[in-house]
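Report on one structure; see the data block that follows.
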Amino acid sequence: MKFSLEAPVGANQIHAYDDSSVVIKPKNDSDLLIIRSSLILTPDQLITDWPINRIADLSMCDIGYFKSLEPEVLILTQGFSEHVSPEITVKFVDQAIGVEAMLLGPACRTFNLLVAEGRNVVLAVNFD
């Protein structure tokens with residue numbers, strides 16, 4: 001699905017998505033990037049070497065990594081409904097990170113909305 005929103009200047013935005021890819025308009029760049037692998041997206045960074053196979057497999061090491069990105073909100077998606085264990089959710093909350101697991105479409109729309117509000121949001125997408 002393709003959608004548009006007034007994009008803040010200097011922030012990564014999601015331009016489109018489908019079941020196997022995300023199209024990103026990088027900050028300060030007019031060229032679009034099609035990403036077909038797992039990724040982590042922040043308003044300032046695109047990280048494409050995320051080694052997680054399943055969101056349900058997140059560990060304390062992963063929580064520490066996400067903490068280093070300083071998110072207010074972490075959005076996790078795996079293309080199909082995937083829940084984060086209550087234990088891991090509590091550990092994110094203990095680190096003052098709000099965490100939501102959702103399908104790809106709502107995750108992309110929520111990411112763009114929070115970026116437009118100037119929030120520090122992290123989107124983690126796993127296509128595996």
Per-residue Cβ contact counts at 10 Å, fewest first, order D49, D57 as D49, D57
Once normalised by the length of the stretch 38-125, the mean sequence separation of its alpha carbon contacts under 8 Å that are 6 or more apart gives a contact order in percent of 39
What chymotrypsin sites (Phe, Trp or Tyr not before Pro) in the stretch 33-125 are in a loop by DSSP, with at most 16 other Cβ atoms within 10 Å of the Cβ? F80
Under the rule rounded for a/c under 1.5, else prolate if a/b exceeds b/c, else oblate, using alpha carbon gyration tensor axes a ≥ b ≥ c, the chain is classed as prolate
Could you list T77, T42 so that the one with the fewest beta carbons within 10 Å of its beta carbon is first and the one with the most is last? T42, T77
Computed E for V90/I34 - FRET, C-beta separation, R0 30 angstrom, nearest 0.05: 0.25
Burial ordering of H15, H83, fewest other beta-carbon atoms within 10 Å first: H83, H15
Using modelled amide H (1.01 Å from N, peptide plane; none on Pro or chain starts), what sits under 5 Å from the amide H of A11, excluding residues fewer than 5 places away? N28
For the pair M102 and C61, what calculated FRET efficiency results from E = 1/(1 + (r/R0)^6), where r is the Cβ-Cβ distance and R0 = 22 Å, to the nearest 0.05? 0.40
To check you understand DSSP bridge types, tell me what percent of the beta bridges within the stretch 38-125 (both residues inside) are antiparallel, rounded to 5. 35
Restricting to lysine pairs 8 or more places apart or on different chains, what number in the chain have Cα atoms under 29 Å apart? 5
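Throughout, read-outs are computed from the coordinates displayed, never taken from laboratory work. These numbers were taken from a predicted model, which means no experiment stands behind them. Note that we place each Cβ from the backbone using ideal geometry, even for glycine, and neighbour counts take in every protein chain shown.
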